[in-house]
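The values are calculated or read from the model by the stated rules, or taken from the named source; none is laboratory data. Because the structure is a prediction, the values reported are computed rather than measured. Cβ: placed from backbone, ideal geometry, glycine included. Neighbour counts: every protein chain shown.
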Ligand code: PEP
Ligand code: MN
C-alpha cells in the first residue's frame, strides 16, 4: 500500500482479497503496510486490485516459500524473549550450554558460567535425538525441570529440543524457545504442531538440506501462525572427515538476502571439533549471523554427549571476549543485559 494509505483503504483491499477467495494478512512496516495474500495455488488475477485507492503496487512472490521471503516482508524480523533477549536486532545473541542436561548440578553450574560470560539463553537437551538407540537419550521431564530451575536462578532463557509432535506442548511449557533438530527439519507433523505452539521455534538445517528446503520448512511454521522463527546453520554432510560436518558459512548471507527471519550459527555441530569451534564461531559472527549457539560443558571429557565439541568454561569466556570485538567491528551491539538486570545468586 502507499505510505499514506488510510486504514479504510487497507480494510477495503482486505475485503476484496477475501471476496476473491483468499486470505489476507496485513504486514505493517516502518514506511508502509503490505498486504500478503495466502491461499492461492498459482497466480492471482491483478484486475480487481490494480487501481484500488491506496494500492501502490502488486508484487508476485517469486520464491517457492512465501511468508518467510524478503519479498513478503522487507524488514528483519525480531524474535523477543521474556528475559529481554532480541534475536534478529542489532544485538548479537549468545546461546550456550551443554549438549544434554545430565543432572541438576551440571546444568546449574554451567548456567552460571555462561550467564556470567555474556550468554542470555541456556541450551541443553532433555530429549536427545541420538544416532544409536543405545546412547543416552536424555533425562526427559526431569531435564526440563532442571532447565526451569536454571532459568529461575540466572534469568537465562531456555532453548531445548522437542523430538516429536506429542512432545511439543510439554517442551513449550518449560522452554522459551522450542528447538527442532537437524534430523527433524522435514518432520512435517512436528513442524505443524510447533507452528501452533505459542513459543518461538529454533529450526536447525537438516543434515543434507538445501537452503530452499530449510526455508520451506520454516514456511510450515509461519503457515500455522507462528512467525517467531529463528533459523540455524549447523553444518551439512560432506565427503571430508576432518570435521563432523561442512559448516556452510555462506548460508548465512544467502539466507539473509532471501528471508527476513533471523539466522544463528552452531559452530559446535558445524565442526564437531573443540579446537575449531571458536574459530568458526568468530567467522559466523563476521558473516552476519544474528547469534551463536555453542556447546559448553563443565567437564567435556566426561560429557554424556558431544564432549569432543564442547568448550571448557574458561574457553567459552575467552571466546565471548573475541566475539565482542568482532561484533563491534561490524556495528553490532553486544550487551551483558542479564548481568545488569538480574541478581547473581
Ligand atoms: C543439538 O543441538 O544437540 C543437536 C542434536 O543438534 P542437531 O540437531 O543440529 O544435530
Ligand atoms: Mn549436541
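Worth pointing out:
Conditions (1) part of a helix (DSSP H, G or I); (2) farther than 23 Å from residue 301 by Cβ; (3) away from ligand 1 (no atom under 15 Å from the Cβ); (4) in the same structural domain as residue 334 (by TED's automatic domain parsing), marked per residue:
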| site | (1), (2), (3), (4) |
| --- | --- |
| 96 | no, no, no, yes |
| 102 | no, no, no, yes |
| 105 | yes, no, yes, yes |
| 108 | yes, no, yes, yes |
| 112 | yes, no, yes, yes |
| 122 | no, no, no, yes |
| 127 | no, yes, no, yes |
| 130 | no, no, no, yes |
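- Answer residue from segment 234-265, given it is in a strand (DSSP E or B) and within 12 Å of the chain's Cα centre (by Cα) and is farthest from residue 25 (Cα to Cα) among those: 265
- When each of 323, 296 is tested for being within 16 Å of ligand 2 (Cβ to nearest atom), surrounded by 20 or more Cβ atoms within 10 Å (Cβ to Cβ) and either closer than 16 Å to residue 230 by Cβ or modelled with pLDDT of 95 or more (or both), the lone residue that passes is 296.
- One residue alone among 131, 100 is farther than 30 Å from residue 30 by Cβ and at pLDDT below 95, and that residue is 131.
- Residue within segment 261-275 that is more than 21 Å from residue 81 (Cα to Cα), more than 16 Å from ligand 1 (Cβ to nearest atom), out of contact with any strand residue (DSSP E or B) (no Cβ under 7 Å at 6 or more places or on another chain) and without any contact (Cβ under 8 Å) to a residue 60 or more places away in the chain present: yes
- Any chance residue 43 is assigned to a loop (DSSP other than H, G, I, E, B) and farther than 30 Å from residue 6 by Cβ: no
- The sole residue among 104, 128 that is surrounded by fewer than 24 Cβ atoms within 10 Å (Cβ to Cβ), within 12 Å of ligand 2 (Cβ to nearest atom) and in contact (Cβ under 8 Å) with a residue 24 or more places away in the chain is 128.
- Selection status of residue 54, modelled with pLDDT of 95 or more and surrounded by 17 or more Cβ atoms within 10 Å (Cβ to Cβ): yes
- Set 151, 205, 183, 193: member being over 13 Å from the mean Cα position of the chain (by Cα), within 12 Å of ligand 1 (Cβ to nearest atom) and assigned by TED's automatic domain parsing to the domain that holds residue 114: 183
- Total residues in segment 224-233, condition buried (at least 24 other Cβ atoms within 10 Å of the Cβ), touching a residue at least 40 places away in the same chain (Cβ under 8 Å) and either assigned to a loop (DSSP other than H, G, I, E, B) or more than 16 Å from ligand 2 (Cβ to nearest atom) (or both): 2
- Filter result for the condition that a residue is within 16 Å of ligand 2 (Cβ to nearest atom) and touching a helix residue (DSSP H, G or I) at 6+ places or on another chain (Cβ under 8 Å), over 163, 170: 163
- Where residue 306 falls short, out of the listed (1) at negative phi; (2) within 15 Å of ligand 2 (Cβ to nearest atom): (1)
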